[in-house]
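The values are calculated or read from the model by the stated rules, or taken from the named source; none is laboratory data. Source: prediction; values computed, not measured. Positions of Cβ are generated from backbone atoms using ideal geometry, with glycine treated the same way; all protein chains shown enter the neighbour counts. These area figures cover heavy atoms from the full protein model, side chains too; ligands, DNA and RNA do not enter into them. Shrake-Rupley method; radii C 1.70, N 1.55, O 1.52, S 1.80 Å.
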Amino acid sequence: MPILLFLIDTSASMNQRTDLGTSYLDIAKGAVELFLKLRARDPASRGDRYMLVTYDEPPYCIKAGWKENHATFMSELKNLQASGLTTLGQALRSSFDLLNLNRLISGIDNYGQGRNPFFLEPSILITITDGNKLTSTAGVQEELHLPLNSPLPGSELTKEPFRWDQRLFALVLRLPGVASTEPEQLGSVPTDESAITQMCEVTGGRSYCVRTQRMLNQCLESLVQKVQSGVVINFEKTGPDPLPIGEDGLMDSSRPSNSFAAQPWHSCHKLIYVRPNSKTGVPVGHWPIPESFWPDQNLPSLPPRTSHPVVRFSCIDCEPMVIDKLPFDKYELEPSPLTQYILERKSPHTCWQVFVTSSGKYNELGYPFGYLKASTTLTCVNLFVMPYNYPVLLPLLDDLFKVHKLKPNLKWRQAFDSYLKTLPPYYLLPLKKALRMMGAPNLISDNLDCGLSYSVISYLKKLSQQTKLESERILASVGKKPPQEIGIKVKNHSGGGMSLTHNKNFRKLLKEITGETALRLTELNTKEFAGFQIGLLNKDLKPQTYRNAYDIPRRGLLDQLTRMRSNLLKTHKFIVGQDEDSLHSVPVAQMGNYQEYLKTLASPLREIDPDQPKRLHTFGNPFKQDKKGMMIDEADEFVAGPQNKVKRPGEPSSPMSSKRRRNATVIHDGHEEKMENGQITPDGFLSKSAPSELINMTGDLMPPNQLDSLSDDFTSLSRDELIQKPGINAFVGGAKNCSLSVDDQKDPVASTLGTMPNTLQITPAMAQGINADIKHQLMKEVRKFGRKYERIFILLEEVQGPLEMKKQFVEFTIKEAARFKRRVLIQYLEKRHYKVHLRLPPTSDICSCM
């Protein structure tokens with residue numbers, strides 16, 4: 001489960017604006033949202049955990065931590081404001097402490113017992129800053145310093161504040177405030193020169209110098225690829241360089257090797273990928289990477305370890321060793337100068353052994369615990385982690401199975417006991433499990449010793465308990481705002497210390513306003529209002545200082561007096577200082593937050609008839625009807641009169657109502673024409689032979705199965721396609737006779753409509769819109785089950801454009817049919833593809849597949 005922590009710079013300098021008018025803080029918020037969208041494309045992102053930290057004082061800098069959901073994260077992100085100092089060091093320390101909160105409790109770090117790459121919490125820390133000078137209350141800082149003191153117990157066990165599975169990446173915004181006239185340079189994004197760059201490289205990450213919005217998008221796509229499960233290791237060369245490889249792939253001793261000159265591949269600080277198990281979804285491993293010290297019972301405390309283990313590799317070519325059934329761990333190295341050098345040697349059958357200094361008891365360099373080896377295909381370099389001092393163990397185990405047949409003699413046992421003395425104590429348990437998996441006899445005692453003293457074990461347990469308490473305290477403070485001052489101090493400018501209430505003019509004015517008698521002087525304390533404070537009942541309301549009466553404009557005096565009287569007499573039921581007008585002053589960002597308003601409403605009563613479908617609540621108009629079934633928009637001009645009315649179950653159908661539904665009025669050439677039962681007055685353009693199906697556009701005579709298809713077609717057309725304009729005897733988009741069968745299209749009415757004079761010419765823009773609708777309808781029709789393909793061929797006939805365009809639509813339909821495995825439909829479409837002029841196939845061909 002990757003952890004993605006975003007550290008947003010909320011200093012005042014983030015208020016600076018770019019040439020587009022947006023502030024750096026707004027760009028940072030947009031970058032986080034875009035990153036989440038890009039990350040969501042990966043199915044593995046379902047288990048991601050998001051955290052948000054700012055530059056505020058700890059612990060209030062944590063806006064979203066371990067317990068907050070994604071909605072809280074997005075809400076806190078949108079509400080960020082830029083104010084304060086650029087305290088990057090403190091913010092980084094708080095971020096790492098938040099990531100390390102549960103590590104001591106879960107035992108992931110496994111102090112003193114070896115480093116297990118398969119015990120990890122892969123974390124990516126992305127900070128977005130402007131790269132300005134680092135500031136604090138003490139002044140301006142030239143270098144980045146992380147505070148040494150951490151409230152987290154057990155932080156002294158690691159020298160650095162981060163861990164080997166945590167990497168830092170920085171997006172340093174350098175967007176100009178004035179539009180640049182120079183062309184944008186393409187290519188890789190360079191690193192920034194600010195103080196955070198070195199910190200990123202130490203953790204195994206990098207920084208990006210962002211100068212344009214395109215570079216920012218490029219960086220975000222790169223960061224999404226960086227979300228990988230793995231740990232960072234320092235690889236350093238020990239001993240001489242290897243002999244150069246000749247062109248024939250053999251060692252060339254005649255060519256000198258510069259062993260003393262430093263090469264980039266001599267020291268690399270890179271990631272090894274720890275792949276999760278395909279079945280369980282979590283990484284699985286067997287062997288740890290040894291500690292850089294020998295555990296001893298006499299050690300009073302554990303020495304602090306470095307975040308990244310230093311693994312030294314010897315360039316002496318060795319033969320890869322492995323035996324059957326003995327488990328080993330294989331990790332791929334991130335591309336680096338070291339992997340490039342090994343792959344260029346083209347020696348996939350040799351390996352370089354790896355060591356950890358001071359890991360052994362009698363050897364300063366330690367014994368090998370694995371090797372580096374190029375893959376057989378020379379595409380990557382892998383780190384094989386084996387049992388400690390495996391060159392001695394593997395021959396012993398090979399003899400145990402092949403020579404002694406699992407019945408070792410005394411000599412073999414003595415050799416095996418000598419090997420165990422060179423083995424760190426924390427390797428005994430993994431070795432015992434491996435021997436059990438291989439089917440070997442019990443060769444290791446059950447009373448295993450971890451090698452740590454009792455005081456060290458007790459100290460680790462105590463740290464775990466303290467960490468749990470500190471974790472609860474930090475998590476409880478997440479999302480809380482820093483404490484504010486209780487009130488606003490108001491200075492007294494009366495001079496002599498006399499209260500304002502002793503002024504006769506003030507008392508007289510107060511009496512006129514309130515209509516009550518003035519307060520008696522004996523009840524007043526002369527020192528009561530000498531330095532009074534105004535308490536804030538609601539801390540979320542921003543305090544407002546007193547205004548000078550002379551600053552109030554003349555036109556606002558009466559309104560101001562009304563508010564003062566209302567607040568003084570307390571005749572309202574609102575918060576003090578808030579009147580009815582101010583209740584309607586809602587910020588723009590909260591105007592559409594209708595869900596919060598619904599929470600304050602009382603629970604609705606139950607429905608009288610539970611069988612009736614529930615009315616979906618629509619924002620703004622709760623009585624809004626679903627207009628999906630309406631075939632004609634009420635703004636269209638070519639049809640006037642009563643619209644279609646859906647007949648309810650049990651409603652009697654009177655002759656008058658049916659007759660009224662059969663009548664329609666058509667507006668044509670500025671005068672009205674009556675159409676009744678398919679016939680029209682002589683001045684109309686419809687003949688008496690017009691079929692009754694056409695009347696169904698405004699009547700109730702259409703069968704239900706055709707009503708649905710016709711409704712879909714009319715809703716897919718735009719308003720401009722259905723309007724009849726004066727002087728034009730044709731409907732735009734009138735070719736969409738989708739409710740008619742193939743035989744009905746040969747109707748005289750259809751031919752009359754098609755051959756009518758003064759027909760509106762379809763423009764390329766209109767044709768493009770019609771084709772887009774047809775394409776959408778084709779996708780819907782292909783998805784439907786069954787073999788009713790008539791509708792598909794009708795749509796293909798209506799494609800606007802040249803012959804090549806119609807061919808493209810046929811090919812598109814064939815591809816859609818192949819996606820859903822419509823083999824019969826593909827056959828008919830292929831026949832149609834080779835027809836001349838792309839005309840419809842015979843009706844028998846269509847009907848035979850239905």
Note to self: Let me confirm something: among LEU134, LEU173, which residue is surrounded by 10 or more Cβ atoms within 10 Å (Cβ to Cβ), more than 30 Å from GLU470 (Cα to Cα), in the same structural domain as GLY30 (by the TED database) and touching a residue at least 60 places away in the same chain (Cβ under 8 Å)?
What the structure shows: LEU173
Next item on the list: Could you give me the residue pairs with C-beta distances under 6 Å whose first residue belongs to region 193-212 and is on the phi > 0 side of the Ramachandran plot, whose second residue is open to solvent by less than 10 Å² (accessible area, probe 1.4 Å) wherever it lies, and which are 6+ apart or on separate chains?
Entry: GLY204/VAL232; GLY204/LEU271
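I'd like to check which strands (runs of 3 or more DSSP E) are fully inside region 44-130 and have at least 3 residues that are hydrophobic (A, V, I, L, M, F, W, C) and not assigned by the TED database to the domain that holds SER359.
Numbers: elements: 49-53, 62-64, 123-129.
Per the criteria, 49-53, 123-129.
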Next item on the list: With the condition kept exactly as written, say whether any residue in region 454-462 is exposed (fewer than 15 other Cβ atoms within 10 Å of the Cβ), without any contact (Cβ under 8 Å) to a residue 40 or more places away in the chain, in contact with a Leu (Cβ under 9 Å, 6 or more places away or on another chain) and among the hydrophobic types (A, V, I, L, M, F, W, C).
Entry: no
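Among the residues of region 355-363, is any closer than 20 Å to ILE233 by Cβ, among the aromatic types (Phe, Trp, Tyr), open to solvent by less than 40 Å² (accessible area, probe 1.4 Å) and in contact with a Gly (Cβ under 8 Å, 6 or more places away or on another chain)? Let's see the steps before the verdict.
Within region 355-363, the subset closer than 20 Å to ILE233 by Cβ is 355-360.
Okay, now just the ones that are also among the aromatic types (Phe, Trp, Tyr), so 355.
Next, from what is left, pick out any that are open to solvent by less than 40 Å² (accessible area, probe 1.4 Å): 355.
Cutting the leftovers down to in contact with a Gly (Cβ under 8 Å, 6 or more places away or on another chain) gives us 355.
The answer is yes; a qualifying residue exists.
Results for (1) touching a residue at least 60 places away in the same chain (Cβ under 8 Å); (2) among the aromatic types (Phe, Trp, Tyr); (3) out of contact with any Pro (no Cβ under 9 Å at 6 or more places or on another chain); (4) open to solvent by 10 Å² or more (accessible area, probe 1.4 Å), shown as yes or no for each residue.
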site	(1), (2), (3), (4)
HIS286	yes, no, no, yes
SER307	yes, no, no, no
SER314	yes, no, no, yes
GLU334	yes, no, yes, yes
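Taking only region 260-281 into account, find how many residues are in a loop (DSSP other than H, G, I, E, B) and surrounded by 13 or more Cβ atoms within 10 Å (Cβ to Cβ).
First, the residues of region 260-281 that are in a loop (DSSP other than H, G, I, E, B): 260-263, 274-281.
Checking the rest, the ones that are also surrounded by 13 or more Cβ atoms within 10 Å (Cβ to Cβ) come to 263, 274-276.
Number of matching residues: 4.
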Margin query: If I filter region 95-125 down to residues being within 23 Å of the chain's Cα centre (by Cα) and hydroxyl-bearing (Ser, Thr, Tyr), which single residue comes out as surrounded by the most Cβ atoms within 10 Å (Cβ to Cβ)?
Written below: SER95
Notebook entry, point to check: Only one of LYS67, LYS63 is touching a Leu at 6+ places or on another chain (Cβ under 7 Å) and open to solvent by 40 Å² or more (accessible area, probe 1.4 Å); which?
Noted result: LYS67
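Which one of these is surrounded by fewer than 20 Cβ atoms within 10 Å (Cβ to Cβ) and of a type in the set (Val, Ile, Thr): THR72, THR87? Before you say what the answer is, go through the steps one by one.
On the way: THR87 fails: surrounded by fewer than 20 Cβ atoms within 10 Å (Cβ to Cβ).
The unique qualifying residue is THR72.
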Check: Across region 155-169, what is the number of residues that are in contact with a helix residue (DSSP H, G or I) (Cβ under 8 Å, 6 or more places away or on another chain), touching a residue at least 60 places away in the same chain (Cβ under 8 Å) and more than 18 Å from PHE119 (Cα to Cα)?
Finding: 3
Margin query: For region 424-455, give me each residue that is within 14 Å of TRP294 (Cβ to Cβ) and either modelled with pLDDT under 85 or of a type in the set (D, E, K, R) (or both).
Written below: ASP449, CYS450, GLY451, LEU452, SER453
Next item on the list: Just give me the residues in region 183-196 being in contact with a Lys or Arg (Cβ under 8 Å, 6 or more places away or on another chain) and either closer than 27 Å to LEU333 by Cα or modelled with pLDDT of 90 or more (or both), in sequence order.
Entry: THR191, ASP192
Item checked: Qualifying residues in region 798-811 (those that are surrounded by fewer than 16 Cβ atoms within 10 Å (Cβ to Cβ) and of a type in the set (A, V, I, L, M, F, W, C)) - the one farthest from ASP773 (Cα to Cα) -> LEU803
Check: Of the numbered conditions (1) of a type in the set (Ser, Thr, Tyr); (2) modelled with pLDDT of 90 or more; (3) open to solvent by 70 Å² or more (accessible area, probe 1.4 Å), SER848 satisfies every one except a single condition; which is it?
Finding: (2)
Check: Among the numbered criteria (1) outside any helix (DSSP H, G or I); (2) modelled with pLDDT of 60 or more; (3) among the polar types (S, T, N, Q), which single criterion is violated by ASN492?
Finding: (2)
Margin query: Which of the numbered conditions does GLN16 fail, given that it passes all the others? Conditions: (1) open to solvent by less than 60 Å² (accessible area, probe 1.4 Å); (2) in contact (Cβ under 8 Å) with a residue 12 or more places away in the chain; (3) not charged (D, E, K, R).
Written below: (1)
